[in-house]
1. Which shape class applies to segment 201-347: rounded if a/c is under 1.5, otherwise prolate when a/b exceeds b/c and oblate if not, where a ≥ b ≥ c are the square roots of the Cα gyration tensor eigenvalues?
2. Any of LYS121/LYS318; LYS118/LYS259; LYS300/LYS330; LYS118/LYS318; LYS238/LYS318; LYS234/LYS300 with alpha carbons more than 19 Å apart? Name them for me.
3. Where Lys and Arg each count +1 and Asp and Glu each count -1, what net charge lies around LEU286 among other residues with Cβ under 9 Å from its Cβ?
4. Can you give the three extents of the C-alpha atoms in segment 284-403 along their principal axes, from longest to shortest, in whole Å?
5. Scan around ILE248 for amide H atoms under 5 Å from its own, H built in the peptide plane at 1.01 Å from N, and keep only partners 5 or more places away or cross-chain.
6. Pull out a ≥ b ≥ c, the square roots of the eigenvalues of the alpha-carbon gyration tensor of segment 90-164, then state rounded if a/c is under 1.5, prolate if not and a/b is larger than b/c, and oblate in the remaining case.
7. Could you sort the peptides 328-339, 104-115 by per-residue average Cβ neighbour count (10 Å cutoff), highest mean leading?
8. Give the Debye-formula value of log10 I(q)/I(0) at each listed q (0.24 Å⁻¹), with one equal scatterer per alpha carbon of segment 218-296, two decimals each.
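Throughout, read-outs are computed from the coordinates displayed, never taken from laboratory work. No experiment lies behind these values; they were computed from the predicted model shown. Cβ placement follows ideal geometry from the backbone for every residue including glycine, while neighbour counts extend to all protein chains displayed.
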Amino acid sequence: MATLFQGVGAVTPFSASSSLDSNKLLLPSRKSLSISDSRGSIFVYRSDALNLKAATRKQDLLIPNAVATKGETSTSAKSGHELLLFEALHEGLEEEMERDPRVCVMGEDVGHYGGSYKVTKGLAEKYGDLRVLDTPIAENSFTGMGIGAAMTGLRPIVEGMNMGFLLLAFNQISNNCGMLHYTSGGQFTIPIVIRGPGGVGRQLGAEHSQRLESYFQSIPGIQMVACSTPYNAKGLMKAAIRSENPVILFEHVLLYNLKERIPDEEYVLSLEEAEMVRPGEHITILTYSRMRYHVMQAAKTLVNKGYDPEVIDIRSLKPFDLYTIGCSVKKTHRVLIVEECMRTGGIGASLTAAITENFHDYLDAPIVCLSSQDVPTPYAGTLEEWTVVQPAQIVSAVEQLCQ
């Protein structure tokens with residue numbers, strides 16, 4: 001449990017300036033491993049260092065629209081249809097409910113009210129109260145009910161009205177959702193999706209600004225993904241529903257109204273792949289969720305200053321896509337991690353450890369991790385901004401790393 005309590009915001013004085021010291025939290029050494037997929041194979045292990053070659057400045061690689069999901073794709077594409085992020089989640093969910101009668105939804109106000117952010121709007125009228133179930137305010141109970149439903153053959157989606165409320169169901173998620181496949185000797189699978197809004201909103205206060213990624217990361221048997229665009233929100237939602245594993249889908253409360261054009265044809269994304277947002281040569285910037293947009297805002301300034309950052313949305317928070325990350329590190333030799341999670345025990349700490357363990361000899365500079373301050377999120381708007389990484393800090397960190 002020590003790893004879980006690490007991520008709890010400490011009541012300590014915070015500094016408005018963000019430290020650029022490398023996060024040195026290391027995990028126990030593991031043996032070399034080989035990762036193989038359709039893109040080829042890569043051996044992940046410590047190897048001889050490579051010298052950084054002089055990289056030309058490629059200002060034309062700047063992606064001015066941070067919503068673009070791929071280097072060659074933008075929201076101005078003529079094909080497809082435009083959706084807001086919450087509408088993309090709804091579309092993916094509705095398509096899967098239409099495709100598979102085992103898919104059902106449960107949670108507070110998910111039925112006739114349509115969900116607190118309207119992700120389930122209209123589904124109760126279409127599929128009935130048995131497949132879109134309004135529950136009492138009892139997170140521990142209805143999460144356990146969802147896990148039991150998954151054990152008996154259904155494919156439930158449990159919505160936490162706010163991800164912070166799911167702390168009340170932590171025992172169900174940890175001891176049952178993550179472990180029952182193992183403790184039953186493989187007799188049960190738990191194809192459940194746990195999803196909902198989280199992250200720092202606009203003056204929602206400490207208890208409604210929770211980032212629970214690091215809390216759930218240490219639970220064996222659970223996969224975690226974070227959506228950041230309408231395109232990957234729909235693709236990850238469909239993939240999570242079809243997975244035989246329990247999946248936690250993190251959505252950010254401030255991204256629901258992002259608009260993007262997505263394909264008309266059906267698509268399903270991988271739950272274990274990162275997304276190359278912007279190719280570059282000078283430095284690898286790893287990020288996810290809302291911080292993707294802070295990074296892309298900073299990237300415009302960096303390109304004007306002559307830097308060529310490579311931006312990767314890691315998307316898969318567990319497991320990490322070490323193939324994509326490793327290829328980038330071997331090219332740029334410098335790594336900056338930008339997250340909204342807490343610095344102590346956060347996703348960035350685990351990612352730092354994984355990169356240090358597997359790609360240390362390719363690094364020409366210490367890994368820098370920019371994270372939220374280790375304090376409860378203040379209600380006051382100006383103080384709230386100080387606790388979260390801002391684009392100017394990202395620019396400063398890249399300049400120092402590339403000196």
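1. rounded
2. On the way: LYS121/LYS318 29 Å; LYS118/LYS259 15 Å; LYS300/LYS330 24 Å; LYS118/LYS318 27 Å; LYS238/LYS318 17 Å; LYS234/LYS300 27 Å.
Check vs 19 Å cut-off fails for LYS121/LYS318; LYS300/LYS330; LYS118/LYS318; LYS234/LYS300.
3. Numbers: positive: none; negative: ASP313, GLU339.
Cβ neighbours under 9 Å give a net charge of -2.
4. For segment 284-403, the Cα spread along each principal axis is 43, 34, 21 Å.
5. Placed amide hydrogens put ILE194, GLN223, MET224, VAL225 under 5 Å from ILE248.
6. Values: a/c = 1.70, a/b = 1.07, b/c = 1.59.
In terms of gyration-tensor shape, oblate.
7. Values: 328-339: 23.6, 104-115: 20.7.
By packing density, highest mean first, the sequence is 328-339, 104-115.
8. -1.27
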